[in-house]
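Engineer: I have a structure I would like to understand better, so I am pasting it below and will then ask my questions one at a time.
The values are calculated or read from the model by the stated rules, or taken from the named source; none is laboratory data. Not measured: the values here are computed from a predicted model. Cβ sites come from the backbone with ideal geometry, for glycine too, and all protein chains shown count toward neighbours.
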Amino acid sequence: MNFYTIIGQFAVWAVPVAPAAFFSIKIYDALHERLGFWVALPLAVVGAAGFETVGILNGHAMVSLWQDKRYGMATVAALLLSVYVTIGLYELGLSIGGLMILIGAVVYLTQGLLSAHGDKKRQQKEAESFRMKRAEQERLAQLRQQEDERRLEHELKLAKLAAQKEVKLSETAAKLSAPAPETFRKLSETFPTDWRKLTDAHKTQLAQMTEQEIAETVGVTTKTARAWLEKLA
């Protein structure tokens with residue numbers, strides 16, 4: 001609450017005191033002789049307070065309705081405010097009380113404008129706060145989505161690597177467990193396991209084989225196959 005708002009609220013209740021006092025005297029004078037002091041006094045106070053309250057409400061309503069672009073209702077409120085001023089001037093005349101009636105109307109309108117302006121600023125602030133909160137929520141949601149996408153991509157890469165590794169292991173196992181080629185099986189039946197019994201044709205074929213192939217084809221140990229290859233070199 002700023003300084004001008006405080007002054008405006010104070011003026012709304014302070015300025016009507018003078019016209020309310022004059023108006024209550026008018027009411028009291030009209031009722032005193034007929035109803036007596038104890039009845040006329042409270043009626044005068046209540047009547048004057050009600051009269052000024054109507055002025056306050058009309059001024060604020062007129063400005064608020066005009067701000068909301070409800071021009072028809074704002075016109076009605078303006079007419080009621082003019083009735084308030086007319087009654088005050090008629091009863092109090094061009095005295096200080098009548099002048100305070102006019103000042104009171106100006107104060108009501110001014111306070112209505114300040115109140116409407118404050119309401120508009122508050123609505124704008126709330127709207128801006130809502131937009132910022134909405135933007136922050138969208139940003140966090142986007143970050144979560146990006147994090148989920150990165151996690152999913154990482155999991156897919158791991159799954160792909162695992163699948164490739166599994167394929168390689170399967171291929172290696174298949175190679176190790178695969179039977180010797182048909183040619184080698186046939187050759188094993190003709191190859192002697194004794195180096196001394198190998199013919200030149202046998203040695204020519206063995207020279208084209210690896211250590212493992214010699215061991216599997218001839219049926220000798222890898223040590224023997226290695227020794228044969230050294231002799232064939």
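Engineer: If the requirement is being in a loop (DSSP other than H, G, I, E, B) and at pLDDT 70 or above, which of these qualifies: Lys69, Lys120?
Structural biologist: Values: Lys120 fails: in a loop (DSSP other than H, G, I, E, B).
Within the list Lys69, Lys120, the selection yields Lys69.
Engineer: May I pose another question? Is one or more of the residues making up segment 19-40 surrounded by 13 or more Cβ atoms within 10 Å (Cβ to Cβ), assigned to a helix (DSSP H, G or I), among the aliphatic types (A, V, I, L, M) and modelled with pLDDT under 75?
Structural biologist: yes
Engineer: For a quick check of your reading of the model, give me the residue pairs whose first member lies in segment 143-162 and is surrounded by 10 or more Cβ atoms within 10 Å (Cβ to Cβ), whose second is modelled with pLDDT of 90 or more and of a type in the set (Gly, Ala, Ser), with beta-carbon atoms closer than 7 Å and at least 6 apart or on different chains.
Structural biologist: none
Engineer: Output the qualifying pairs, or none if there are none: Cβ atoms under 7 angstrom, residues six or more apart or on different chains, first residue in segment 210-233 and free of Cβ contacts under 8 Å to residues at least 60 places away in the same chain and within 17 Å of Lys197 (Cβ to Cβ), second residue of a type in the set (Val, Ile, Thr) and exposed (fewer than 14 other Cβ atoms within 10 Å of the Cβ).
Structural biologist: Correct list of pairs: Val218/Thr193; Gly219/Thr193; Val220/Thr193.
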